[in-house]
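Engineer: Let me begin by handing over the structure; questions about it come next.
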Amino acid sequence: MKAPRIASHGRGKRERGHAALVLLLGLLALWLTILSLVHFNASWSDDAWGYLRLPLFGDPDFGATVMFEPPDDLGSPVPYLKTVRGLPGAAVAVDADGTVWVDGTAIGRVKPNALDGRRLEPVASGTIPAGFYYLHADHPDSHDSRYAEIGLVPRSRILGRAVALPDIPWLGLDGPLADPRNIHAEPGPAPPDAILPHAMLPGASR
């Protein structure tokens, strides 16, 4: 009479073990999914150590912080993070001293050269066409739509909305992880503003 109860007890123990394993695998999958959306900040043009990339449904609003893929010919292995400062239909103009205006508001100035020494050309003046956006960061060294090599960004290259992650000082995640002086120590041209993918640890080579 005891054997059936022992078998039933063993079966219940196995089922609980399987349920625990499924739960563990589910939590691991959730963690990896979240981790895949975390990007370490390798730019010195903002104060966060990293960002969480969230889906962007529809078109971005003015003032939204977004991640986007820079033009392919720049050879950047990582996306950029900027703020939407010009929507379709807005007027972009660059005056003689390099100041960039969007709909009559001065938002930045074009530098003649990048930190790696290459020549920089300003974006062309004109009206932002449908499906394109002027993306910008306030830091003077920001590599953004003020330069022709970035230019107005098509919606198809905007990857999602970016949310700054809080500082975690005890993990060394406190403020930007990049130093502008390092750009001169690396061989070849390097974009002055970028976001490292989650798979690359702070301090790793690009």
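Engineer: Tally time: how many residues in segment 67-94 are at pLDDT 95 or above and open to solvent by 20 Å² or more (accessible area, probe 1.4 Å)? Step through it out loud before you land on a result.
Structural biologist: Filtering segment 67-94 for residues at pLDDT 95 or above gives 84-94.
Now narrow it down to the ones that are open to solvent by 20 Å² or more (accessible area, probe 1.4 Å): 85, 87-89, 91, 93-94.
The number of residues fulfilling the criteria is 7.
Engineer: Which one of these does ILE150 not meet: (1) surrounded by fewer than 18 Cβ atoms within 10 Å (Cβ to Cβ); (2) in contact (Cβ under 8 Å) with a residue 60 or more places away in the chain; (3) in a loop (DSSP other than H, G, I, E, B)?
Structural biologist: That leaves (1) as the condition not met.
Engineer: If you don't mind, there's one more thing I want to ask. Consider ALA130 against the criteria (1) open to solvent by 60 Å² or more (accessible area, probe 1.4 Å); (2) at pLDDT 95 or above; (3) outside any loop (DSSP other than H, G, I, E, B): it satisfies all of them except one. Which criterion is unmet?
Structural biologist: Evaluating ALA130 over (1) open to solvent by 60 Å² or more (accessible area, probe 1.4 Å); (2) at pLDDT 95 or above; (3) outside any loop (DSSP other than H, G, I, E, B) leaves (3) as the failure.
Engineer: Of the numbered conditions (1) out of contact with any Phe, Trp or Tyr (no Cβ under 6 Å at 6 or more places or on another chain); (2) modelled with pLDDT under 85; (3) assigned to a loop (DSSP other than H, G, I, E, B), ARG181 satisfies every one except a single condition; which is it?
Structural biologist: Failing condition for ARG181: (3).
The values are calculated or read from the model by the stated rules, or taken from the named source; none is laboratory data. Since this is a predicted model, take the numbers as computed values, not measurements. Neighbour counts run over all protein chains shown; Cβ positions are idealised from the backbone, glycine included. Accessible surface is based on the protein model in full, side chains and every heavy atom, while ligands, DNA and RNA are left aside. Shrake-Rupley method; radii C 1.70, N 1.55, O 1.52, S 1.80 Å.
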